[in-house]
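Engineer: Dumping the structure here so I can ask a few things about it.
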Amino acid sequence: MIKLVAIDIDGTLVNEEKIMSEKVKATLQKAMKQGTKIVLCTGRPITGILPYVEELGMEKEEDFVISQNGAVITRTDTREIIEEWPMELAGIKEWYELSKKFKPLFLVMNEEDFNLIVEPEEDVELEPALIAEGKIISMAVDVKTFEQLDSRYVKAVFFGEPNDLDELEAGIPEAMRENYSVVRSQVYLLEIAAKGIDKGTALKQLAQDLGFEREEVMAIGDGNNDYEMIEAAGLGVVMANGTERLKSIADELTLSNIEDGVAHAIEKFVLN
């Protein structure tokens, strides 16, 4: 019996307009009413998750979300961070130095800040696409130098054109890949976290904290940053619009995010 369902947001829970359909909403609320725990598990920061938390009514005691690709677990009723896995500042510097050799922008994030890192005295005008990305996650982009950073960041992000990110990804030294979690979450985003930190790590930790066995956990996703989450669940469900890499490890496939695929999966595998 499935008791916990972890659900990605972009490309999974919501459609291309970032809207959760009424069918998906009603189906998830029905699952919650029967006692199933729903956990939103996303690369977004908490600010980009809360609108869906509020819409679903997921603000009761022991409701949780997993943010920043698994680097943070937050209790939604109190906004208390119960688990957090930050990056070392020295690691951020290593990636920043690499970024200077390539075109994509280099940013760092925590649950309060979304910072574009620039050289001292560098005159920067924020790109419209980056401003739009900040609006999606309800975070304004701030500009800082590396010297202005502290050690509170949980994720580094490369933002740019797909071809430029392809070049960057190919140029990452193998040693750096081995020492960090590296994932191409979108064609325009490459994300870096501390070694071993991903959605799967966080999901396993939360399930353990709540006393759920792997067989009682289902995960639904569509992107490459959902890979470890799908592996961690007893039942891994991949959207029809999911990547081929993710589909290769799916236990089940569901409909696409514009066909209420989440609702279809919940109806099939969770509702009594």
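The values are calculated or read from the model by the stated rules, or taken from the named source; none is laboratory data. Bear in mind the structure is a predicted one, so any value in this text is a computation, not a measurement. Neighbour counts run over all protein chains shown; Cβ positions are idealised from the backbone, glycine included. These area figures cover heavy atoms from the full protein model, side chains too; ligands, DNA and RNA do not enter into them. Shrake-Rupley method; radii C 1.70, N 1.55, O 1.52, S 1.80 Å.
Engineer: Could you tell me whether any residue of the range 103-114 is open to solvent by 60 Å² or more (accessible area, probe 1.4 Å), free of Cβ contacts under 8 Å to residues at least 60 places away in the same chain, over 28 Å from Glu59 (Cα atoms) and part of a loop (DSSP other than H, G, I, E, B)?
Structural biologist: no
Engineer: Separate question: Quick check on the range 155-180: of everything there that is part of a helix (DSSP H, G or I) and open to solvent by less than 10 Å² (accessible area, probe 1.4 Å), which residue is nearest to Glu133 (Cα to Cα)?
Structural biologist: Going through the qualifying residues, I end up with Leu165.
Engineer: Is it the case, given these coordinates, that Glu97 is open to solvent by 60 Å² or more (accessible area, probe 1.4 Å) and either touching a strand residue (DSSP E or B) at 6+ places or on another chain (Cβ under 7 Å) or assigned to a helix (DSSP H, G or I) (or both)?
Structural biologist: Yes; evaluated as a whole, the condition is true for this residue.
Engineer: When only residues in the range 116-140 that are of a type in the set (Val, Ile, Thr) and closer than 24 Å to Lys199 by Cβ count, which is farthest from the chain's Cα centre (by Cα)?
Structural biologist: Ile136
Engineer: Just name the residue that is least open to solvent (accessible area, probe 1.4 Å) out of those in the range 262-272 that are in a loop (DSSP other than H, G, I, E, B) and of a type in the set (A, V, I, L, M, F, W, C).
Structural biologist: Within the range 262-272, the match that is least open to solvent (accessible area, probe 1.4 Å) is Val270.
Engineer: Select the strands (runs of 3 or more DSSP E) contained entirely in the range 1-88, then report the ones holding at least 3 residues which are surrounded by 20 or more Cβ atoms within 10 Å (Cβ to Cβ).
Structural biologist: 4-7, 37-41, 64-67, 72-75
Engineer: Going residue by residue through the range 200-208, is there one that turns out to be in contact (Cβ under 8 Å) with a residue 40 or more places away in the chain and over 28 Å from Trp95 (Cβ atoms)?
Structural biologist: Yes, the range 200-208 has at least one match.
Engineer: Can you find, within the range 212-261, the residue that is surrounded by the most Cβ atoms within 10 Å (Cβ to Cβ) among those that are in contact with a Phe, Trp or Tyr (Cβ under 8 Å, 6 or more places away or on another chain) and free of Cβ contacts under 8 Å to residues at least 60 places away in the same chain?
Structural biologist: Val237
Engineer: Going by what's in this entry, would Val183 be described as closer than 17 Å to Gly70 by Cα and not in a helix (DSSP H, G or I)?
Structural biologist: Yes: the conditions hold for Val183.
Engineer: Residue by residue through the range 115-141, note down the ones that are in contact (Cβ under 8 Å) with a residue 40 or more places away in the chain, touching a strand residue (DSSP E or B) at 6+ places or on another chain (Cβ under 9 Å) and outside any helix (DSSP H, G or I).
Structural biologist: Selection gives Ile137, Met139.
Engineer: For the range 139-154, give me each residue that is out of contact with any Leu (no Cβ under 6 Å at 6 or more places or on another chain) and open to solvent by less than 70 Å² (accessible area, probe 1.4 Å).
Structural biologist: Matches in the range 139-154: Met139, Lys144, Thr145, Phe146, Leu149, Asp150, Tyr153, Val154.
Engineer: Right, Lys144: part of a helix (DSSP H, G or I) and either under 19 Å from Arg44 (Cα atoms) or of a type in the set (D, E, K, R) (or both) or not?
Structural biologist: no
Engineer: Taking the range 196-219, which residues are over 15 Å from Val5 (Cβ atoms) and of a type in the set (Val, Ile, Thr)?
Structural biologist: Ile197, Thr201
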